Amino acid sequence: MDVSISAKHMELTEALKTYVTERINRVKKYTDHNLNADIFLGVEKHRNHIHATIKGKGFLLNSNAEDPSSMYKAIDQCVDKLEKQLRRGKYAYHDKKLGKETIRTSTFSEISTDDA
């Protein structure tokens, strides 16, 4: 799993980085695909925000959380939402369009196997 973490209006410490990667790696147990996670942490008016986007093969997960007391609580809430989405299968599928060449080869292979 590839995890990229960025912060806005706060200092990103090693403790936060390790905590986020440990928690996000829990999501991997629900799928076999290679996942890319983009995590955005921020502080605005004494509120701790986190926005997570996880991209897999053909699907996309989004989650937001905010907690005024602790960034760690916000991270926990965000990861819990992501796990719930994956467990229930509530994520957006993004099908790739097939080009002319792939359609042509798939139809020719079907025709050749039917004739044999």
Practice task
Could you list the trypsin sites (Lys or Arg not before Pro) in region 1-73 that lie in coil according to DSSP, counting only those with at most 11 other Cβ atoms within 10 Å of their Cβ?
Solution key: K45, K57
Completion exercise
Once all protein chains are kept in place, Y30 shows an accessible area at probe 1.4 Å, nearest 10 Å², of 80
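What is the Å³ per residue value for the convex hull set by the Cα atoms of region 1-79? Can you show the working numbers first?
Values: hull volume 6.0 nm³, N = 79.
Output value, Cα hull per residue: 76 Å³.
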Problem - Label-point separation in nm, A15 to V43, each point 7 Å along Cα→Cβ - result: 1.3
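The values are calculated or read from the model by the stated rules, or taken from the named source; none is laboratory data. The structure displayed is predicted, hence computed values, not measured ones. Don't worry about glycine lacking a Cβ; one is built from the backbone with ideal geometry, like all the others, and counts go over all protein chains shown. These accessible areas exclude ligands, DNA and RNA; they are computed on the full protein's heavy atoms, side chains included. Shrake-Rupley method; radii C 1.70, N 1.55, O 1.52, S 1.80 Å.
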